[in-house]
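The next block holds one structure in the form of structure tokens; read it before the comments.
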Amino acid sequence: MMEQRVILSRRPFSWKRFFLQWEWMLVILFFLVQALNSLLSPYYLDADNLRDATMTFLDKAFIVLPMVLVMILGDIDISVASTVALSSVVMADLYTMGVPMPVAMVIALLVGSLCGFINGLLIVKFKELSSVIVTLSTMIIYRGIAYMILEDQAAGKFPEWFSFLGWGYVGGVPFILIVFAVFAVAFTLLLHRTTFGRYVYAMGNNMTASRFSGVQVDKIRIIVFTLTGLFAAVTALFLTSRMGSTRPNVATGYELDVIAMVVLGGISTSGGRGRMIGAILAVFLVGYLRYGLGLVNVPAQLMLVIIGLLLVFAVLMPKLRPGAGKSGRSV
Amino acid sequence: MQLSAKIAKFRELGLLGFIVVLSVFIQLRNPKFLTLENINDLLTNTAILSILAVGMMLVIVTRGIDLSIGATLALSGMIASMTVKAYPSIHPLLAILEGTLVGTVCGALLGVLVARGGVLPIIATLGMMNVYRGLTFMVSDGKWVSAHEMPDSFKGIATGSAFGINTLVLIAILIYVVMFYFVNYTRTGRQIYAVGSNPESAQISGISNARILWLVYTIMGGLAGLSGVLWVSKFASAQGDTAMGYEMSVIAACVLGGVSIAGGSGKISGVILGSILLGILNNALPLIDVSPFWQTAIQGSIILVAVIVNVLVKRGVDRNHLLRRSI
């Protein structure tokens with residue numbers, strides 16, 4: 001007699017597995033950071049303070065969202081900081097030339113998307129090249145173009161209302177926090193609830209198999225890189241608004257911060273694994289850590305060291321766990 | 001034979017030809033270019049770049065990349081110059097040794113992460129780049145070591161000369177000779193290429209991939225440390241942001257010299273020519289009145305074009321092989 005075997009479409013729920021997820025670790029770390037910060041500074045633990053702190057670190061968080069997709073694909077984009085600089089510089093330059101601010105802002109978004117699109121196109125057309133080397137060269141080119149436009153000048157004097165992006169409140173909540181929340185939800189749904197998201201995971205696990213299964217891999221890769229460029233430009237808008245002026249050397253080192261947050265969020269550097277919620281938790285974890293250390297005057301250089309070590313340890317951590325391997329993945 | 005296959009065969013010759021054509025062009029625009037003084041200047045400026053490029057070649061051959069060398073260079077240079085500031089009577093050779101040692105330790109640490117930890121080179125070096133850069137600021141407390149605080153013997157490392165050739169150039173030549181022998185005629189050197197062209201079969205044939213990976217990052221670190229001392233001695237100033245972003249020039253020199261980003265191939269001769277070409281561009285752009293603000297974009301475009309040309313040449317070669325097989 002044939003034995004009946006039922007293969008469930010999803011694994012049965014288990015409390016043990018539920019609590020063994022990396023995201024819980026992030027939640028615990030998050031509260032540890034909060035505890036540490038309130039120990040370090042008596043002014044830290046205060047609702048207004050915690051709320052306003054988000055304004056200081058959320059600008060780069062917009063890039064984290066699409067970067068999760070890039071890294072699940074198994075790619076990387078290190079040109080994002082340069083894209084931020086280029087979009088910001090183009091916007092400021094157009095505005096000083098007399099272009100109305102809203103038009104300049106739209107053009108900045110287009111410039112960012114174009115930068116991302118070029119990255120995607122190059123990676124797809126020249127498959128022999130890794131995304132590392134492509135975005136490494138465009139990183140230099142985009143930053144270089146920003147220098148060609150503004151040289152060593154700063155540009156600013158934006159209209160009054162533009163500062164609302166970085167400094168404004170809507171109903172007592174920072175505007176940037178609201179915008180980030182909207183995009184965070186949108187990206188979570190995109191990755192976990194749409195066919196597009198499933199394709200991204202499939203491609204990260206096996207690009208060739210996905211191609212032969214009829215997934216339009218090139219198109220999806222270009223879309224993901226274009227999104228990354230677009231959101232680098234969104235970051236540029238908020239960052240420029242917050243600073244009030246811009247220079248060609250803005251946002252240097254943002255790529256490290258962004259990649260560190262994504263990796264800390266549990267997204268595998270070899271692709272195919274990780275969840276959006278992890279990266280979002282990591283944004284707040286790293287953000288508050290930086291903010292708290294800033295309150296007690298930890299020098300920026302030490303912060304560099306801390307973020308660098310955090311990145312390396314976040315990558316090492318899953319590899320140090322005994323029995324680590326692809327079997328323990330959580331998609 | 002197809003054109004691209006021919007290019008591949010005479011790649012170094014082609015690069016040399018390009019350098020000659022470029023030099024003639026620049027010479028026509030500005031006659032100051034091909035003077036003995038400027039050539040000497042150019043070679044001295046290129047020496048450090050080419051030393052680093054040889055190390056980077058080894059890393060890229062193993063399919064890796066090292067973004068941390070600018071920071072390693074700064075850290076080693078800073079520690080060495082702080083030592084000579086505190087003990088001015090120290091022999092310059094000891095300072096060189098110290099810097100090289102610091103760099104070697106930085107590189108070895110990175111090597112452990114990549115080889116034993118299995119961390120992607122781009123992630124590991126991006127992280128450690130910031131750690132080393134932060135350490136540079138911290139050991140110096142944000143201060144500079146400037147020219148008047150360095151003893152003449154230390155500054156003499158870069159300004160001195162033997163047989164009419166600058167010491168930096170001599171050191172670079174010495175390193176080429178040693179590395180040429182190492183990668184072409186020693187077992188370990190050949191194993192580097194084996195690991196780069198096919199890690200799985202290298203492992204199966206008994207090569208310890210982890211050992212080779214660790215070795216290349218350590219060598220890279222050592223060369224970066226040595227370059228740090230030479231850099232600080234040459235510019236007579238050690239700062240926290242020394243050589244920031246210099247890793248890009250080094251990678252550019254490698255890809256211009258035909259080192260394949262996909263790993264497994266790259267020649268010392270190519271890397272030297274690539275460095276010289278980049279050195280000429282850096283030296284000549286100001287001479288023909290190109291704004292310094294354009295240099296970054298030009299350099300980036302050169303890297304991109306070079307890697308794309310490498311790919312197209314490779315495709316042509318592969319197609320050629322296929323054609324030959326079908327007959």
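FYI, it's all coordinate maths here, none of it is from the lab. As the structure is a computational prediction, the values presented were derived from the model and not from experiment. Here the Cβ is made from the backbone with ideal geometry for all residues, glycine too, and neighbour counts use every protein chain on show.
One decimal place: the segment B:GLU200-B:ASP241 gains 10.8 nm when fully extended, by the rule 0.36 nm per residue minus the C-alpha distance.
Per-residue ellipticity at 222 nm for chain A, helices alone: DSSP H runs ≥ 4 residues times -39500 (n - 2.57), over residue total, nearest 500 deg cm²/dmol?
Helix-only estimate at 222 nm: -22500 deg cm²/dmol.
When each of the peptides B:192-202, B:173-183, A:40-50 is scored by the mean number of other C-beta atoms lying within 10 Å of its residues, the order from highest to lowest reads B:192-202, B:173-183, A:40-50.
Directionally averaged projected area (segment B:161-274, Cα convex hull): 8.3 nm². Peptides A:265-276, A:80-91, B:28-39 ranked from most to least packed give A:80-91, A:265-276, B:28-39, packing being the mean of other C-beta atoms within 10 angstrom over each peptide's residues. What is the distance in Å between the Cα centres of segment B:265-312 and segment B:31-62? Rounded to whole Å, the Cα centres lie 11 Å apart. Note the angle between two axes, namely the Cα long axis of helix A:47-57 and the longest principal axis of the Cα atoms of chain A, as a number of degrees from 0 to 90, rounded to the nearest 10. Once rounded, one gets 90 degrees. The spacing between segment A:260-292 and segment A:84-115, judged by their C-alpha centroids, is 29 Å. With a 10 Å cut-off around each Cβ of B:285-297, the average count of Cβ atoms from other chains is 3. The label-point distance for B:ASN184 and B:SER291, in a model that sets each label 7 Å from Cα toward Cβ, rounds to 4.5 nm. In segment B:183-327, a dipole from Cβ-located charges (positive for Lys and Arg, negative for Asp and Glu) runs towards its positive end, and of B:LEU256, B:SER205, B:ASN282 it is B:SER205 whose Cα lies farthest in that direction.
Taking 0.36 nm per residue of sequence separation and removing the Cα-Cα distance, the A:LEU39/A:ASN249 pair yields an extension gain of 72.1 nm.
Across peptide B:259-265, the average count of Cβ atoms from other chains found within 10 Å of a residue's Cβ is 2. The helix-only estimate of mean residue ellipticity at 222 nm for chain B, built from DSSP H runs of length n ≥ 4 each weighted as -39500 (n - 2.57), is -25500 deg cm²/dmol after division by the residue total. All alpha carbon pair distances within the protein assembly as shown were sorted into 10 Å bins beginning at 0; the resulting P(r) in whole percents reads 3, 14, 25, 27, 19, 9, 3, 1, 0, 0. Just A:LEU239, A:LEU189, A:LEU58 to compare: in a GNM of chain A, with alpha carbon springs under 10 Å, which one fluctuates most? Among A:LEU239, A:LEU189, A:LEU58, the largest GNM mean-square fluctuation belongs to A:LEU189. Take the Cβ atoms of B:LEU16 and A:SER9, set R0 to 56 Å, and the FRET efficiency comes out at 0.35.
When the alpha carbon gyration tensor of chain A is reduced to an equivalent ellipsoid, the three semi-axes, largest first, read 34, 27, 18 Å.
Which angle between 0 and 90 degrees, to the nearest 10, do you get for helix A:61-72 versus the longest principal axis of chain A when only C-alpha atoms count? Tilt of helix A:61-72: around 30 degrees. Fully extending the segment from A:MET25 to A:THR194 would add 58.2 nm, taking 0.36 nm per residue of separation and subtracting the current Cα-Cα distance. Output the 0 to 90 degree angle, nearest 10, between the alpha-carbon long axis of helix A:22-40 and the longest principal axis computed from the alpha carbons of chain A. Roughly 40 degrees between the two axes. When a/c reaches 1.5 or more, the comparison of a/b and b/c decides; with that in mind, is chain B rounded, prolate or oblate per its Cα gyration tensor? In terms of gyration-tensor shape, oblate.
Centre-to-centre separation between the Cα atoms of segment B:85-133 and those of segment A:147-183: 39 Å.
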